[in-house]
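Asks: Next up is a structure, given as structure tokens.
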Amino acid sequence: MKPVVCLYCEGTDTKIAVLSKEKDKIKIHRVASLNMPHSLQTASKRDVISELDKTDTMQEISFDSIDSISSGAQPAEESDIGLLQSALYGFKPGSLQYIPIVTEPVVNYHLYEGKRDENKKKLLQMVVADIQSAKGITVEDDSVDVTELNDKTMLSLFIEGEIPCVQLINLLANYNKRRYLKIPTVKTAELSLAYLISKTNKFFPEDNTLVIYIGKEYSKLIFLEGQKLKHIGTTLDIGTKNLHTYDVYFSKILLEMENGGVPKLDNIMICGEDRSENLILSFYGTFPEANVSELKMEGFFDTSSITEEDITNLALYAVPIATAVEYFDELNKEYVGINFLPKYIQENQKFLQFGWHSYALSPLLFGAAFFFTFQILTSYREIKDLDFEIERLTQRQLQNQAIVQEISPLDSRINSFDATQAILDSAAIGAGIWNKNIMSVSDFIERRRNFWLTRLETVAPNAVKIYGYALSRSVLTEFAQFSNSGLVNFINYEPLREKSAFAYTINFMLKDPKEQSAKDSLKVDEQQN
């Protein structure tokens, strides 16, 4: 859950507490007490709205962090806002939520005794009408809320005038070059403090408890009956700066007890600037039957991030801490408290700021938005169709590639057919030549019967070396003449089985039968001529 910065501005005194909800416990990250000029704490509605209207036509539509428009008419001292910035060191101001805390005279109380309605909106409308008729004050619906007292009486609260701390938050936004900081709600000091006391303490149903908050300039008196709120006293214009004797407290307390119908005091809880022993003893002397004590909160919070001095003085920051507790319990649906959020604060926090110029241009903006939306949707449809076509062509390409891969081996085989045919043709021609020549030699050997071959050896593509034996030398000469292409290279006498024999080597040239027949026919023609 995002940390919450609660700011309680009372006069020149500003109390700050940074808290967050972590698991089942609330953690206190930072507490600080600052002395801020009153001019920095307040800004009227007119100042804020007029400052928003100062933006020109082209700047009507503005975004967070684009420009830093001041929300108030008063200039700010850098050093004063720097104090607040320093109190929030370690945090990003834009990631925090800020809750201003209001009290009298900004908040006014009115007992509503009219008809009640379960519909909250209708109930507030009836309360606004009752305030108008009873006090003559016109109140906006966003500036009023109601709560129930211990006796089931309906107490209405409404804001009138400036809200302290809103201007301070806006100046902090400008200091960080942001247009605004998030303000989820505006809380009341008295009711938040009363809720914290009833949450952290257990009283008997008939007990009357006084909660007294002593500030530097003002003091608060809050009365509880049991665990519920009974009466809120008038804010006292006395505090640690202008207090000379404690007796003034006692007279004011007795007066408020009479006004609120409080017969006695059983418990007195003290918090704020003054929690001294002398003050406690003075209360004991005036109200001897009451249990007087300082507000203790250490056991209810995670205080590991703050110093020992801040832990000791935790009651000093009771109001901002109580506001954060109430806010977190509302988020968890554990409690319904008082909440204000005036329209000018809501307008200041809108993502888009519209003036009358923007409303005049809104039809054009709508038309432009419709046109561009139509164009974008049309483009999306075209892109979708093109994607489908691309996918279809990709599938076809893959199919074609598969067919090409199947054709490639066949193409290679077709391309190699001519070479294979040439080899076969040349082999067939060579076989015919060998066949003719061998048949010619075979015919010669068959006629002579004294001449045979033992081995053939190829010495050239068209030349063969013949090894063999003959019983007569003359047959070798006759064979050479017969073949008309033979050349006797070697003759050696080698007797075989007591017979005379000759080993020979003849180089024999293979000739194409067609060429040989052509030559033979040519010889015949010459002889005839």
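The values are calculated or read from the model by the stated rules, or taken from the named source; none is laboratory data. Just so you know, these numbers come straight off a predicted model, no measurement behind them. Don't worry about glycine lacking a Cβ; one is built from the backbone with ideal geometry, like all the others, and counts go over all protein chains shown.
Asks: Which numbered condition trips up Tyr317, out of (1) outside the structural domain of Ile214 (by TED's automatic domain parsing); (2) loosely packed, with under 15 Cβ neighbours inside 10 Å; (3) more than 16 Å from Ser198 (Cα to Cα)?
Replies: (2)
Asks: Of all residues being in a strand (DSSP E or B) and in contact (Cβ under 8 Å) with a residue 60 or more places away in the chain in region 252-271, which is farthest from the chain's Cα centre (by Cα)? Just the residue, please. Before the answer, list the steps.
Replies: Let us first name the residues in region 252-271 that are in a strand (DSSP E or B), namely 267-271.
Still in the running and in contact (Cβ under 8 Å) with a residue 60 or more places away in the chain: 267, 269, 271.
Values: Asn267: 52, Met269: 48, Cys271: 44 Å.
Top of the filtered list is Asn267.
Asks: Identify the residue in region 161-208 that is of a type in the set (Ser, Thr, Tyr) and within 27 Å of Leu331 (Cβ to Cβ) and, among all such residues, is farthest from the chain's Cα centre (by Cα). Show your work before the answer.
Replies: Applying the first criterion (of a type in the set (Ser, Thr, Tyr)) to region 161-208 yields 175, 180, 185, 188, 192, 195, 198, 200.
From what is left, the residues that are within 27 Å of Leu331 (Cβ to Cβ) are 180, 185, 188, 192, 195, 198, 200.
Values: Tyr180: 23, Thr185: 27, Thr188: 36, Ser192: 36, Tyr195: 38, Ser198: 41, Thr200: 39 Å.
So the residue we want is Ser198.
Asks: Could you list, in sequence order, all residues of region 97-116 that are surrounded by 17 or more Cβ atoms within 10 Å (Cβ to Cβ) and either of a type in the set (A, V, I, L, M) or more than 30 Å from His29 (Cβ to Cβ) (or both)?
Replies: Ile99, Ile101, Val102, Val106, Val107, Asn108, His110, Tyr112
Asks: Of the conditions (1) at pLDDT 85 or above; (2) of a type outside the set (Lys, Arg); (3) under 19 Å from Met36 (Cβ atoms); (4) surrounded by fewer than 18 Cβ atoms within 10 Å (Cβ to Cβ), Asn119 clears all except one; give me its number.
Replies: (3)
Asks: Let me ask you something else. How about region 280-309: which of its residues are over 55 Å from the mean Cα position of the chain (by Cα), surrounded by 17 or more Cβ atoms within 10 Å (Cβ to Cβ) and of a type outside the set (Ser, Thr, Tyr)? Can you show your working first?
Replies: Step one: of region 280-309, the residues over 55 Å from the mean Cα position of the chain (by Cα) are 281-290.
Then keep just the ones that are surrounded by 17 or more Cβ atoms within 10 Å (Cβ to Cβ); that gives 282-283, 286-287, 290.
Listed by number, the residues that qualify are Phe283, Phe287, Ala290.
Asks: Same structure again: Counting only residues that are modelled with pLDDT under 90 and surrounded by fewer than 23 Cβ atoms within 10 Å (Cβ to Cβ), how many does region 3-32 have?
Replies: The qualifying residues number 7.
Asks: Another question, then. When you scan region 104-120, do you find a residue that is within 26 Å of the chain's Cα centre (by Cα) and under 30 Å from Lys177 (Cα atoms), even just one?
Replies: First, pick out the residues of region 104-120 that are within 26 Å of the chain's Cα centre (by Cα): none.
Checking region 104-120: not a single residue is within 26 Å of the chain's Cα centre (by Cα) and under 30 Å from Lys177 (Cα atoms).
Asks: Give all pairs with beta carbons closer than 8 Å in which a residue from region 104-120 that is over 24 Å from Val186 (Cβ atoms) meets a residue that is surrounded by fewer than 13 Cβ atoms within 10 Å (Cβ to Cβ); count only pairs at least 6 apart in sequence or on separate chains.
Replies: Here the result reads Glu113/Thr153, each pair linking region 104-120 to a residue that is surrounded by fewer than 13 Cβ atoms within 10 Å (Cβ to Cβ).
Asks: While we're here: Ala431 versus (1) modelled with pLDDT of 80 or more; (2) surrounded by 10 or more Cβ atoms within 10 Å (Cβ to Cβ): which is the lone unmet condition?
Replies: For Ala431, the failing item is (1).
Asks: On the basis of being small (Gly, Ala, Ser), at pLDDT below 90 and under 25 Å from Leu83 (Cβ atoms), does Gly161 make the cut?
Replies: Numbers: small (Gly, Ala, Ser): yes; at pLDDT below 90: yes; under 25 Å from Leu83 (Cβ atoms): no.
No.
Asks: Regarding region 206-220, can at least one residue be identified that is among the charged types (D, E, K, R), farther than 12 Å from Ile253 by Cα, buried (at least 22 other Cβ atoms within 10 Å of the Cβ) and at pLDDT 90 or above?
Replies: The first filter runs over region 206-220 and keeps only residues among the charged types (D, E, K, R), leaving 206-207, 216-217, 220.
Add one more test, that the residue is farther than 12 Å from Ile253 by Cα, and what stays is 206-207, 216-217.
Adding the requirement that they be buried (at least 22 other Cβ atoms within 10 Å of the Cβ) leaves none.
Checked region 206-220: no residue is among the charged types (D, E, K, R), farther than 12 Å from Ile253 by Cα, buried (at least 22 other Cβ atoms within 10 Å of the Cβ) and at pLDDT 90 or above.
Asks: Can you find even one residue in region 231-239 that is without any contact (Cβ under 8 Å) to a residue 40 or more places away in the chain, loosely packed, with under 15 Cβ neighbours inside 10 Å and more than 24 Å from Tyr317 (Cα to Cα)?
Replies: No - not one qualifying residue is present in region 231-239.
Asks: What are the pairs with Cβ atoms under 6 angstrom where one residue, in region 459-475, is polar (S, T, N, Q) and the other, located anywhere, is outside any strand (DSSP E or B) and surrounded by 14 or more Cβ atoms within 10 Å (Cβ to Cβ)? Sequence gap at least six, or different chains.
Replies: Listed by first residue and then by second, the contacts come to Asn462/Leu510.
Asks: Which one of the conditions (1) in the same structural domain as Pro342 (by TED's automatic domain parsing); (2) within 23 Å of Ile321 (Cβ to Cβ) does Leu191 fail to meet, given that it meets all the rest?
Replies: (1)
Asks: Scan Glu190, Glu162, Glu217 and give me the residue that is part of a loop (DSSP other than H, G, I, E, B), in contact with a Ser or Thr (Cβ under 7 Å, 6 or more places away or on another chain) and of a type in the set (D, E, K, R).
Replies: On the way: Glu190 fails: part of a loop (DSSP other than H, G, I, E, B); Glu217 fails: in contact with a Ser or Thr (Cβ under 7 Å, 6 or more places away or on another chain).
On inspection, the qualifying residue turns out to be Glu162.
Asks: Within the bounds of region 453-460, is there any residue that is touching a Gly at 6+ places or on another chain (Cβ under 7 Å) and either modelled with pLDDT of 75 or more or under 13 Å from Leu510 (Cα atoms) (or both)?
Replies: Looking only at region 453-460, we keep the residues that are touching a Gly at 6+ places or on another chain (Cβ under 7 Å), and these are 453-454.
Those still in the list that are either modelled with pLDDT of 75 or more or under 13 Å from Leu510 (Cα atoms) (or both) too: 453-454.
Among the residues of region 453-460, at least one is touching a Gly at 6+ places or on another chain (Cβ under 7 Å) and either modelled with pLDDT of 75 or more or under 13 Å from Leu510 (Cα atoms) (or both), which makes the answer yes.
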